[in-house]
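Chemist: Questions regarding the structure given below will be posed in turn.
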Amino acid sequence: MRGEDLLDEQAYGQARTDQFVHAQAKAAGVSRRRFLEFIAAGAGVAAIGGLRPQVASAQAPSDLIVKPTPPEFFNELGSNREMRWEVMYSRGYVVPNELFFVRNHSRTARLDAATWRLRVEGSGVEEPREFTYDEILGLPSVSVMRFIECAGNGRSFFEASYGNKAQGGQWKLGAIGVAEWTGVPLREVLDRAGLRRSAQDVMPEGLDELKVRRPMPIAKALADDTLLVYAMNGQTLPMDHGFPLRVLVPGWIGVANIKWVGRIEVSEQPQFSAWNTESYVLVGPQYKRNPPAKGPALSLQNVKSAFELPWNGEVLAGRTLLRGRSWSGEGKISKVEVSLDREITWQTARLREPNIPRAWVRWDLDWDAQPGDYSLRARATDERGTRQPVIVPWNDQGYLYGAVVKHPVTVR
Amino acid sequence: MTRRIAVTVPVVAFLAASALFALARSGAGAPPSVGLIEKEFLFTPKDVVVGMGGVAFVVNNQGEIDHNFVLEASGGKTVAQIDTIAPGQTGRVTATLPPGIYTMYCSLPGHREAGMVATLRVGP
């Protein structure tokens, strides 16, 4: 089951669930149905996954984030920082490192490259081994432009649609950034550890206090642009973004792009962690439980658009150039439409090169802005024909809000 | 180490390193209150003993990130929970508990494994 078909998220999730249920039922000596009843009765994945060694948390620094995050660049959301979209109006294609959003599950890990090691191990490799930082830098590397986006980007709009807040940080649309990422294709490292043909899943693990970890199928791990990244926009990877090494899993939700990676487990068995069973899964009336996960696990990001304007801000009356960006986890953006009159009419925006798959496209539209209050809308269609919908189904943890967003702005 | 634990009814509990934690019972019929502190990534105290019946849990997040609170019976059933406790905030929940051993923890991914777990013993 290392086929390319598992690049499809639903096929991947279903295949792993079937394997999990089969193996657990077999190990417990019960039927598949009996096992599913047991799961339904409330036994969580913690009982299944076993306990790991505790993380040493002594001398943890008190600052959550290392880089300055001034309020003119960022919205503060607890331990996270959201990029303010208006700052991108005067910028180029990539988001500069100092403006890039920060999503940490605990606090930024402070690691020393001289003592850091990457360990590659598990039943899926023949020669488990460690790499030093210099060894990683000495391997063949490539540079790619890709987005990294939090799965919860847009979460606050669930409340606007449904009247209830979804669990988690109430992002608007600034939990995304595009950068030029430079690093070693993950397969180069896996090959050097003797990757077995029987390997199924690859699970990178961070050296942060929580050891954040999340698996991907071997097909995704071997993709040309799945990288172990050590540089971001031409600079050494900043601490807040995963120094000395992070994973880049293009198109996939942000948490898959493990920061501060210190261990990669390659397994002949399906792998699970709290980050693909308890969280980063779809839980809601329209989603079924997917043992051992609470619901279908997320992988690909969906289609979204954002205006390069302040939220609920002001625009001067007169001729202006409206700008924004659109992106999709599935590929390039093929069309962007903008409505200035609350979806009575739509105008096609001009797409500006480059239009890189799994990064974004910049677009613009002439606007002779007359004084008044506006609710701007942008909707993108990607090359697969997926267009942003009017509404998305509710999920408790507020992931993948890909519906058209109503952006309030006042023209004076 | 001696530490003062904040609870809703005025009470000061002195906690030795791995000692059992005390409880408070107001005279006005309110349930005894258990004060807990959450931070990255610890639960204090680690071991709490109360009598059976109603118990009010007062959970103070002294950390820098969001946490929550789950009280689980030994069979794995959740008997009380507080969804989100923001940094600096205090959450409260009351439960009526038969004797037994319970687990208290933060259910955010990785938090329990990192140390945010404690034991509650409910005596007869």
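Chemist: Give the residues of the range B:92-119 that are of a type in the set (A, V, I, L, M) and more than 13 Å from B:L71 (Cα to Cα), sorted by residue number.
Modeler: B:L108, B:A114
Chemist: Considering only the range A:8-42, state which residues are at pLDDT below 75 and touching a strand residue (DSSP E or B) at 6+ places or on another chain (Cβ under 7 Å).
Modeler: Correct list: A:E9 only.
Chemist: Can you pull out every residue in the range A:135-193 that is closer than 15 Å to A:A223 by Cβ, out of contact with any helix residue (DSSP H, G or I) (no Cβ under 8 Å at 6 or more places or on another chain) and in a helix (DSSP H, G or I)?
Modeler: Result: A:E188, A:D191.
Chemist: Further question: Looking only at strands (runs of 3 or more DSSP E) that lie completely in the range A:225-299, which have at least 1 residues being surrounded by fewer than 22 Cβ atoms within 10 Å (Cβ to Cβ) and more than 14 Å from the chain's Cα centre (by Cα)?
Modeler: Because the criterion is at least 1 residues that are surrounded by fewer than 22 Cβ atoms within 10 Å (Cβ to Cβ) and more than 14 Å from the chain's Cα centre (by Cα), the strands (runs of 3 or more DSSP E) in the range A:225-299 that meet it are A:227-232, A:261-267.
Chemist: If you check B:V122, B:V70, which single one turns out to be part of a strand (DSSP E or B) and within 12 Å of another protein chain (Cβ to nearest Cβ)?
Modeler: None of the other options fit; the residue is B:V70.
Chemist: Given the structure, is A:Y374 within 17 Å of A:A175 (Cβ to Cβ) and not small (G, A, S)?
Modeler: No: the conditions fail for A:Y374.
Chemist: Going by the structure shown, is A:R110 assigned to a loop (DSSP other than H, G, I, E, B), assigned by TED's automatic domain parsing to the domain that holds A:V261, among the basic types (K, R) and in contact with a helix residue (DSSP H, G or I) (Cβ under 7 Å, 6 or more places away or on another chain)?
Modeler: In short, yes.
Chemist: Within the range B:105-119, which residues are touching a residue at least 24 places away in the same chain (Cβ under 8 Å), within 14 Å of another protein chain (Cβ to nearest Cβ) and under 16 Å from B:G76 (Cβ atoms)?
Modeler: Matches in the range B:105-119: B:Y105, B:S107, B:V117.
The values are calculated or read from the model by the stated rules, or taken from the named source; none is laboratory data. Predicted model only: the values in this text are computed from it and were never measured. Positions of Cβ are generated from backbone atoms using ideal geometry, with glycine treated the same way; all protein chains shown enter the neighbour counts.
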